[in-house]
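Worksheet: one structure, shown below.
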Amino acid sequence: MKKRIPLGVEFYKEMVDKNYYYVDKTLFIKEILDTGTKVNLFTRPRRFGKTLALNTLRAFFEDERDANGNKIDNSHYFNGKKIADCGEDYLENQGKYPVISLTLKSAKQPNYEMAYKVLRSSMIEEFRRHRYVCKGGALEEDEVQQFQNIITKQAGEEDYATALSFLSKCLKKYHGSNVVILLDEYDVPLENSHFAGFYEQMVAFIRSFFESALKTNDALEFAVVTGCLRISKESIFTGLNNLRVVSILNSSYAEYFGFTEEEVQEMLAYYGMEEHMEQVKQWYDGYLPGETEIYNPWSILSCIEDNRNSKQFILRSYWANTSSNSIIKELVEKAEKETRMEIENLITGKTIEKPVHEDITYHDIHKSPDNLWNFLFFTGYLTKVGERFDTERTYLELAIPNQEIRYIYQEMILSWFNGKVKAMDRSALYQALIAGDCATVETELKRELTKSISFYDAAEQFYHGFLAGMFGGLGEYRLLSNRESGDGRADIMMLPEDEQSPVLIFELKRADKFTQMDEGCDAALAQIEEKRYDAECREEGYGKFIKYGICFCKKSCRVKVG
């Protein structure tokens, strides 16, 4: 029986216990010990294995206890793993430290009060997990009382802001050793509060939270923090001189977040899908932390799971349903002409060059176009394909990583455009369509084309969708797309509710040069006649027809009536 696919499995011990396919990343433990950094911040896109990496650290380092304070032996979970071959100097750290493990990824509420309560609940659960420290007399009476107040929600907000520091001291008193702190997705509350409108309140709380846990905590052995972005302008990490930031610009630790090409090849071979490696590469590869080629792990696992028992190998976009795409929506909605042109270039496979800096704030994200491109790079929507340096700045050559991310851009842009179309006044266009006024139809379409974003690698699809969106709101008409009629399919037909009104038939063409648009319109009209697209409607009793030949070239069009 083949191993199960660990889709959504974020607990290391569950991975081992339930026979999931595990890509061995346990040498991450060795590197953490080798570097000896007090506080490590790893920034990677969502769904790139950050939570599992932290949980692996917890399973290895934690001096875990049950509710009565009895030690739990987790050493067998690493038998046969790569870390087990690294020698006693590393294995002696196994089960050595009390561990505080906290995720902030659930703080996605619409207001500060709710988001704070969710964060508080997460802290309370971690206090409950370590409730055994209140037994045995290690803590003073007032410390036990404060511990209970935190669990029962009797403590004030200032107590929860410094709760991790307090828990660290309690654990050190009980265990006699310093504490390892693991904080996952620390920037989720900041991203959410930016979009929800309570950013400053959340920043103030997170700042206190981090300072007490990581800056002024005498009981700290080391800490590992993960997120998408390094956010320092808000002074969350003020004075934290022992902080090391490891982003996708760094070469170190590159192979521990995401799958390497060798790991993907091994996994596909294990499940009998090795012949699809090239397709998988085109869809899910393309990330380059440092110089290491990395695949999106969530998408690889999802793809294998979907195709395990399928006769036809199908590639889909999986990451679009798990990551926040709000920033792309904002980018497109607020884009100036130059930015829209750059997005078009990216979608068609070209690259852009932008200055890069890691200190990004959600609050200032729209103050400079560079901030937007940096955000897209660090969150996985763009990847580095080259770089150059001058005396002051680093410039990255950026591209869309793979077909999966290109699909996200296309879908988000089409969704944005359709929403824009629904909100616009199209009365002049509709009157012109019914009157056969091709000059006004052409003017109205050109005006909207200049505002839109067209991706020319899927031009026919774009222009067809563009027209369907523009024509779709004509209330007394029913729009039919690619309907079988006569000897073929008309691109678009609009049938009136009143048989006395004209049927509108549209055939589309695309030209490579503006000088070819007239010829394209003539060919479209000839096709309508040759294929008898009006035949079925005439048999149904419709007597009036307006036939449009429309030819597009980039962001222009020509319209003729036959």
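Restricted to the stretch 481-490, and to residues there that are surrounded by fewer than 18 Cβ atoms within 10 Å (Cβ to Cβ) and touching a strand residue (DSSP E or B) at 6+ places or on another chain (Cβ under 8 Å), the residue that is modelled with the lowest pLDDT is ARG483.
The one condition from (1) under 21 Å from ARG426 (Cβ atoms); (2) open to solvent by 60 Å² or more (accessible area, probe 1.4 Å); (3) of a type outside the set (S, T, N, Q) that ARG538 does not meet is (1). Considering the stretch 541-562, the residues that are over 40 Å from the mean Cα position of the chain (by Cα) and hydroxyl-bearing (Ser, Thr, Tyr) include one that is surrounded by the most Cβ atoms within 10 Å (Cβ to Cβ), namely TYR548.
Exactly one residue among THR216, THR162 is surrounded by fewer than 16 Cβ atoms within 10 Å (Cβ to Cβ) and of a type in the set (Ser, Thr, Tyr), and that residue is THR216. Here VAL9 meets each of (1) under 28 Å from ASN217 (Cα atoms); (2) among the β-branched types (Val, Ile, Thr); (3) in contact with a strand residue (DSSP E or B) (Cβ under 7 Å, 6 or more places away or on another chain) with one exception, condition (1). When ALA107 is tested against (1) open to solvent by 20 Å² or more (accessible area, probe 1.4 Å); (2) touching a residue at least 60 places away in the same chain (Cβ under 8 Å); (3) under 34 Å from the mean Cα position of the chain (by Cα), only condition (1) is not met. Looking at ASP34, ASP17, ASP73, just one residue is in contact with a Gly (Cβ under 9 Å, 6 or more places away or on another chain), open to solvent by 10 Å² or more (accessible area, probe 1.4 Å) and not aliphatic (A, V, I, L, M), and that residue is ASP73.
Output yes when any residue across the stretch 182-192 is in a helix (DSSP H, G or I), among the polar types (S, T, N, Q), open to solvent by 20 Å² or more (accessible area, probe 1.4 Å) and in contact (Cβ under 8 Å) with a residue 12 or more places away in the chain, and no when none is. Among the residues of the stretch 182-192, at least one is in a helix (DSSP H, G or I), among the polar types (S, T, N, Q), open to solvent by 20 Å² or more (accessible area, probe 1.4 Å) and in contact (Cβ under 8 Å) with a residue 12 or more places away in the chain, which makes the answer yes. Scanning the stretch 106-130 for residues that are outside any loop (DSSP other than H, G, I, E, B) and either among the aliphatic types (A, V, I, L, M) or over 19 Å from THR162 (Cβ atoms) (or both) turns up GLU113, MET114, ALA115, VAL118, LEU119, MET123, ILE124. Which one of the conditions (1) open to solvent by 10 Å² or more (accessible area, probe 1.4 Å); (2) in contact with a helix residue (DSSP H, G or I) (Cβ under 6 Å, 6 or more places away or on another chain); (3) under 23 Å from ARG4 (Cα atoms) does ASN296 fail to meet, given that it meets all the rest? Evaluating ASN296 over (1) open to solvent by 10 Å² or more (accessible area, probe 1.4 Å); (2) in contact with a helix residue (DSSP H, G or I) (Cβ under 6 Å, 6 or more places away or on another chain); (3) under 23 Å from ARG4 (Cα atoms) leaves (1) as the failure.
The sole residue among LEU525, LEU504, LEU495, LEU508 that is over 20 Å from TYR463 (Cα atoms) and open to solvent by less than 70 Å² (accessible area, probe 1.4 Å) is LEU495. Filtering the stretch 273-298 to residues that are part of a loop (DSSP other than H, G, I, E, B) and either at pLDDT below 95 or under 22 Å from the mean Cα position of the chain (by Cα) (or both) leaves ASP285, GLY286, LEU288, PRO289, GLY290, GLU291, THR292, GLU293, ASN296. Checked against (1) over 22 Å from the mean Cα position of the chain (by Cα); (2) open to solvent by less than 50 Å² (accessible area, probe 1.4 Å); (3) not acidic (Asp, Glu), PHE389 passes all but a single condition, namely (2). For ALA204, the requirement of being over 23 Å from ARG129 (Cβ atoms) and part of a helix (DSSP H, G or I) is met. Taking every residue in the stretch 1-18 that is on the phi < 0 side of the Ramachandran plot and pairing it with any residue that is open to solvent by 50 Å² or more (accessible area, probe 1.4 Å) and acidic (Asp, Glu), at least 6 positions away or on another chain, the pairs with Cβ-Cβ distances below 8 Å are ILE5/GLU305; LEU7/GLU305.
The values are calculated or read from the model by the stated rules, or taken from the named source; none is laboratory data. It should be emphasised that the depicted structure is a prediction, and the values quoted were computed from it without experimental measurement. When we count neighbours, we look across all protein chains shown, and the Cβ atoms used for this are built from the backbone with ideal geometry, even at glycine. For accessibility, only protein heavy atoms count, side chains too; no ligands or nucleic acids. Shrake-Rupley method; radii C 1.70, N 1.55, O 1.52, S 1.80 Å.
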